[in-house]
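S.K.: Below is a structure I'd like to ask you about.
The values are calculated or read from the model by the stated rules, or taken from the named source; none is laboratory data. The shown structure was predicted, so the numbers you read here are calculated from the model rather than taken from an experiment. As a convention, Cβ positions derive from the backbone with ideal geometry for all residues, glycine included, and neighbour counts pool all protein chains shown. Each accessible area value is taken on the protein alone, full model and side chains, heavy atoms only, with ligands, DNA and RNA left out. Shrake-Rupley method; radii C 1.70, N 1.55, O 1.52, S 1.80 Å.
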Amino acid sequence: MYHDHRLLHFALKRELSEIYISFFLRAFAISLIGVFVPIYLVNEIGVKFTELLVFYIIFFITLAIGYPFSAKLSSKIGVKHVIMLSIPFHIIFYFLLYNMLRFDLSVYLLGFIIGFGSGLFWYAYNADFAKVSDKKHRGEEVKILFVAASIIGIVGPFIGGYLLSLLDFYLLFMMVIILLISSVVPLLSSKDITLGHDFNLMDIFIKKNFDNFFLYFVQGVRVIVAGVFWPLFIFYTLKGYFSLGIIISGTALVSSIAVWFTGNYIDKIRKVNFAKVGSVVDGIVTFFRAFARNFLEITGLSLISGIAHNLVEISTEALGFDQANRTDISGFMIFREFVYVLGRVSFLLAILLIGLDPIASIKLGFFIMAGLGILQKFV
C-alpha cells in the first residue's frame, strides 16, 4: 500500500513527472556516448593527455560562467525555456566533435561550447527540481530520479560500445542528437516556472550557503575521477570500447539495484552522514583502482565504487535541494555549482602542473581522490 501511495504521489505531481521524463531522455542520450568522449578525443582525434586536461578545465570554467546567465534567463523566461535553450549547444558540440579533423577545430573551442550549454542546463534543471520536489520525500524523489536514469542508461554504454566495436562514431552521434531533441518535448506540456525574483550575484554570498562546502568540493573531484580518469584507465588497460561499455553498463545495473533498496534510508538518516560514509567507501575503493590489472579486477572495483558513488551523489543532491529551499534557490544552486567547479578545476590543474605521463597522472588522481574521500568523514 505504501508504494502504491508513493507512485500516486509522483503521478499527481505533473511538473515532477515532466522533469523525470525529460531528464531520462537526456541521460540516455549522454550515456550512449559520454563515457567515450575523452577516449574518442585521445584515441580517434589524437588529442594529447595534457590537452584533454585543459579541455576539461575550459569546460568547467565556462560551465561556471553559464550558471549566472542561466539564472538571469530563468528569472525572465522560465527554467523550462532555458533547458530548451541549452539543447542546441549540445547538438552543435556533438556535430563539431565528429567533424573536428575535417574542420581542423581546436578542442578548446568545443570545451567552451559544451561548457556554456551545460551551465545553462544544470542550473535550470536543479532550480526546477528544487522548486517542485517535496521536502518530506526529497531523498526518495532524488533516489527515483537517479535509479530510473541509471536503469535507462544501463543499455547506453553497452549499445555505444557495441556500435563502436562494429562501426564508427557517426551513427552514435546521430542517435544522441535525436534523443537530445526529444528530451525537450515533455517540457512543452505545462506552464513554465520562474523563481519569483530577478537574480542578483549577491544572492550567492550568503553565509548559510557555505554549509557542507567541503562535501560539495570533494563531489566535484569525484565526478572527474569516475567520469574521465576511470574510463580512460579501463580503456588503456583493456584496449577496447566494448569492454568499457560492458563494465559501465554492469556497474550501472548493480548500483541501481543497491541504491533502490538503500535509498529509502536517506530521508531517515542525516543526509550529510550518509554522504560521508559513502565517500569513505568510495575513497578506499578508488585507492585500489590504481592496482587493477585485468577485466575481473576492474569490474569488481567498478561495481563496489558505483554503489558508493551513487549513494554519495543521491544524498548530496537531496541535501543540496534541502539547503536551497532554506536559503535562496538561485543563489545556492549557483554557489554549489561554483564549489563543484572549484573542486574539479583545482584537481585538474594539480594533475596538469605535476606533469606525469597519462597512466601515472591517472593513478595519482586515484590517490588524491582516495585521500579526499576518507578525509571527508572528518570534516
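S.K.: Among 52-58, 353-359, what's the highest-first ranking by average C-beta atoms within 10 angstrom per residue? Can you show the working numbers first?
M.R.: Details: 52-58: 21.0, 353-359: 11.4.
Ranking the peptides 52-58, 353-359 by packing returns 52-58, 353-359.
S.K.: Through the Karplus equation 6.51 cos²θ - 1.76 cosθ + 1.60, θ set to phi - 60°, convert the phi angles of the range 276-288 into ³J(HN,Hα) values in whole Hz; use x for Gly and Pro.
M.R.: 5, 5, x, 5, 5, 4, 5, x, 5, 5, 5, 4, 6
S.K.: Shape verdict for the range 260-379, please, from the Cα gyration tensor: rounded (a/c under 1.5), prolate (a/b greater than b/c) or oblate.
M.R.: Working: a/c = 2.62, a/b = 1.35, b/c = 1.93.
Oblate, since a/c reaches 1.5 and b/c is not below a/b.
S.K.: Quick check for you: with a 1.4 Å probe and neighbouring chains kept, what is the accessible area per residue of the range 276-379, in Å²?
M.R.: Working: 3870 Å² over 104 residues.
Solvent-accessible surface per residue comes out at 37 Å².
S.K.: Please report the carbon-and-sulfur percent of the accessible area for the range 293-340; probe 1.4 Å, protein heavy atoms only, DNA, RNA and ligands left out.
M.R.: On the way: 920 of 1440 Å².
Answer for the range 293-340: carbon and sulfur cover 64 percent of the accessible area.
S.K.: Work out the length of the dipole vector of the range 273-370 about its Cα centre, built from +1 on the beta-carbon of each Lys and Arg and -1 on the beta-carbon of each Asp and Glu, and round it to the nearest 20 debye. Before the final figure, lay out the partial values.
M.R.: Numbers: 7 positive and 8 negative charges, 45 e Å.
Dipole of the range 273-370, to the nearest 20 debye: 220 debye.
S.K.: Another one. Measuring with a 1.4 Å probe in the full set of protein chains, what accessible area per residue, in whole Å², belongs to the range 13-76?
M.R.: Numbers: 2190 Å² over 64 residues.
Value returned for the range 13-76: 34 Å² of accessible area per residue.
S.K.: Using the C-alpha atoms of the range 314-379, what convex hull volume per residue, in cubic angstrom, is computed? Write out the running numbers ahead of the final one.
M.R.: Values: hull volume 6.8 nm³, N = 66.
Output value, Cα hull per residue: 103 Å³.
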